[in-house]
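Taking it in order: structure first as structure tokens, then the write-up.
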Amino acid sequence: MNHTSRTFFKSVLTLLFLACFLGGVTHSTAKNKSLPERDSAAPNLSGYKTWTKVNPKPELIPSPIAKLCNMPPPKLVEREKNNPHNEKYLTVYVNQTGKHAMLQEVKPHFPLGSVVVKEKLPTAESTTPELLTVMVKREAGFNPECGDWEFFVFDGKGSQVQGRGKIETCQTCHRLQKEEDFLYRWRYLPREVRQRLRPGAAAE
């Protein structure tokens, strides 16, 4: 093969490589666009403990609900279903954007950018959560069947995302709370807040 032929052959290989590379980038971009929950950044939880603390003391949650939030493997569910010590406690925080809807609105509508953080605690006295479950209000049309919320599961430090998106175990429960913008806030709102928002609700 003479010099001219070698040069032509290398040029052809280079063009083929570029075509494959650019085609792969285009395909990857298109694929990602079909998953809008991956286009948005995960919330920064480094200072969430400085946000508004909704419930003054941890709220006991039944073990079946705790398991749904944890997204455990089936074997763990089977092993713990009769465990008397597997109930968990919940402490809830809301950022400034969502504070008014959480504490002031009878039928809340959380604005874009609202973030609700739920700490899952092993005991009422614990200060270190086992994990965090988080709801982030996204743009209209992101998740119409569940109020445009995106759901996250973080490790207890709030630094590692263990799950995100339209998590079905989360949505199965939260779809039932459309009147409350898909939150179960009456479970953990302080009595005085419930009484102010809905007289007669203090005993709920």
Quick shape summary for region 82-171, equivalent ellipsoid via Cα gyration tensor, semi-axes whole Å in descending order, reads 25, 16, 12
At q = 0.14, 0.23, 0.29, 0.30 Å⁻¹, the log10 of I(q)/I(0) for region 88-136 from a Debye sum over equal Cα scatterers comes to -0.40, -0.79, -0.97, -1.01
In cubic angstrom per residue, the convex hull of region 119-161 built on its Cα atoms measures 76
Between the alpha carbon centres of region 94-150 and region 154-204 the gap in Å comes to 7
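Read the figures in this text as sums done on the coordinates, not as results from a lab. Everything numeric here is computed off the predicted structure, so don't read it as measured data.
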